[in-house]
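What follows is a set of notes on a single structure, which appears directly below.
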Amino acid sequence: FSFLKSCDRCLEKFEDVHNPAFKLWLTSNMDLIKDENIDVIPFPNTMSNIDLKNFFHDFIFLEDPLKYLCSNDCKGLCHHCGLNLNDNSCNCVTISTDTPFDMLENMVR
């Protein structure tokens, strides 16, 4: 399956393709249900249908990455001018960076 996503670094749209491999066993065979090495959903003979919505929801959610990147080497946007650094380079000069630890450094002095 695939989704159209925006890259978290450069904001460009890209198609995020997933080819997950999973196995789902629906069975009434109690021996398979007891086997801990197989993901099995019990399906008693008395049931005529089963709702798999939650299973697929959880599976897709777990396959979803925490950060969407158009490529692993995406350079993102310039912090000063906003230029997409994958397409061009800018002339912005980085003087210093503010970090949460700057205050601690000043306290030590």
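The values are calculated or read from the model by the stated rules, or taken from the named source; none is laboratory data. Bear in mind that the values here come from a model prediction, so they are computed numbers and not experimental data. No Cβ is skipped: glycine too gets one built from the backbone with ideal geometry, and neighbour counts run over all protein chains shown.
Just so you know, in the stretch 14-35 the residues that are of a type in the set (Asp, Glu) and either modelled with pLDDT of 70 or more or within 22 Å of His57 (Cβ to Cβ) (or both) include one that is surrounded by the fewest Cβ atoms within 10 Å (Cβ to Cβ), and it is Asp31. Has the stretch 63-86 got any residue that is loosely packed, with under 13 Cβ neighbours inside 10 Å and either in a helix (DSSP H, G or I) or touching a helix residue (DSSP H, G or I) at 6+ places or on another chain (Cβ under 7 Å) (or both)? Yes: one or more hits. Once the stretch 54-109 is narrowed to residues that are modelled with pLDDT under 85 and closer than 21 Å to Leu11 by Cβ, the residue that is nearest to the chain's Cα centre (by Cα) is Pro65.
Among residues of the stretch 1-21 that are farther than 9 Å from Cys70 by Cβ and in a strand (DSSP E or B), none has a beta-carbon under 9 Å from a residue that is modelled with pLDDT under 80 and of a type in the set (Lys, Arg) at least six positions away or on a different chain.
When the stretch 36-53 is filtered for residues that are within 23 Å of the chain's Cα centre (by Cα) and either at pLDDT below 85 or surrounded by 10 or more Cβ atoms within 10 Å (Cβ to Cβ) (or both), the ones remaining, listed by number, are Asp39, Leu52.
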